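Shown next, in structure tokens, is the structure this report addresses.
The values are calculated or read from the model by the stated rules, or taken from the named source; none is laboratory data. In this text the structure is predicted, and so the values were computed from the model without any measurement. Every residue, glycine as well, gets a Cβ built from its backbone with ideal geometry; the counts of neighbours run over all protein chains shown. Surface areas here come from the heavy atoms of the whole protein model, side chains and all, with no ligands, DNA or RNA. Shrake-Rupley method; radii C 1.70, N 1.55, O 1.52, S 1.80 Å.
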Amino acid sequence: MRRMADPAYREQQWSRRFDPNIAEVNQLCESLVERKPGSEVPLVDPVHDVDECRIVSLFASPGPGAGSRFISTENDDDTAARTLEVYEAVGLRPEHVMPWNAYPWYVFDEQDGKLTAAQISEGLKPLLKFLRLVPRASALVAHGGEAQKLADLLLKSKIPDIQKRGFKTYKVRALGGRAFAGKPADQQKWLDEAQAAYTDAMARAGLLQANR
């Protein structure tokens, strides 16, 4: 059982949602709810840190584990579990990485996690706002086709303050759902590819020694 399945742990994280290390990101999440009254945008787990973040993990949209009200590797779903497995395999600490979704609003129940082209395009402005809140991030790992399409839009936008960081994007397999269905050997290959992307991003950010 993942820790977010424990009500006491969830409540503890909820009480920390506006701690200084994560407040600006979660205020952005709340502002996105205001843009679409009645919508849901999970907050980012306060184990992450806006000042220390060097790498962004970009997923498609909040999945079933977001019932915890957080984007978190402690959610009780396959994507969260495999993401944590990748982080631990390469020695990436939570303060040095931050999750985000190409489409931050929860639509899983309505669309089974599938995004339209319009929704992917709509995710660009929130992504840019998010990236400006993590100014030391210089790499983005896009998990799955929809996140990768948004990463392409980001690169095409040629935003000067993003370009100045020497920003690099990596494209890897989605870590859950139908995209990860396959033979055990294939799944291991996809995990290895994700680990290689994060290892390279960590090396560029000078984190390989810091995170060991």
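From the backbone phi of region 128-141, what are the Karplus-calculated ³J(HN,Hα) couplings (6.51 cos²θ - 1.76 cosθ + 1.60, θ = phi - 60°) in whole Hz, Gly and Pro given as x?
5, 4, 4, 4, 6, 8, 10, x, 8, 6, 10, 8, 10, 9
Any idea what the relative contact order of the chain is, in percent, if you count C-alpha pairs under 8 Å spaced at least 6 apart?
Relative CO of the chain lands at 22 percent.
Using helices alone, what [θ] at 222 nm do you get for the chain, with -39,500 (n - 2.57) per DSSP H run of 4 or more residues, divided over all residues and rounded to the nearest 500?
My calculation for the chain gives -13000 deg cm²/dmol from helical runs alone.
List the trypsin sites (Lys or Arg not before Pro) within region 145-207 that fall in a DSSP loop (any state other than H, G, I, E or B) and whose Cβ has at most 12 other Cβ atoms within 10 Å.
Passing both the DSSP loop test and the Cβ count: Lys158, Lys164.
In debye, nearest 20, what is the charge dipole magnitude of the chain about its Cα centre with +1 on Lys and Arg Cβ and -1 on Asp and Glu Cβ, if you could check?
Using Cβ point charges on Lys, Arg, Asp and Glu, the chain gives about 800 debye.
If we count every other residue with Cβ under 14 angstrom of Lys36's Cβ, Lys/Arg +1 and Asp/Glu -1, where does the sum land?
-3
Please state the shape class of region 171-212: rounded when a/c is under 1.5, otherwise prolate if a/b exceeds b/c and oblate if not, all from the C-alpha gyration tensor.
Numbers: a/c = 3.48, a/b = 2.68, b/c = 1.30.
Taking the square roots of the gyration eigenvalues as a ≥ b ≥ c, region 171-212 is prolate.
Can you work out the accessible area per residue across the chain, with the rest of the protein chains kept in place, probe 1.4 Å, in square angstrom?
Ligands and nucleic acids excluded, the figure is 47 Å² per residue.
How many percent of the accessible area of the chain is carbon or sulfur, using a 1.4 Å probe?
Taking all protein chains in place, the chain shows 50 percent carbon and sulfur surface.
Starting from the amide H of Lys168, placed 1.01 Å from N in the peptide plane, find each other amide H under 5 Å away whose residue is 5 or more places distant or on another chain.
Amide H neighbours of Lys168: Ala139, Leu140.
Given H placed 1.01 Å from N in the peptide plane, which residues other than close sequence neighbours of Ile71 have an amide H under 5 Å from its amide H?
For Ile71, whose amide H was placed from the backbone, the distant partners under 5 Å are Leu43, Val44, Asp45.
Test of understanding: express the Cα radius of gyration of the chain as a ratio to 2.2 N^0.38 Å, with N the residue count.
Normalised Rg, Cα atoms only: 0.94.
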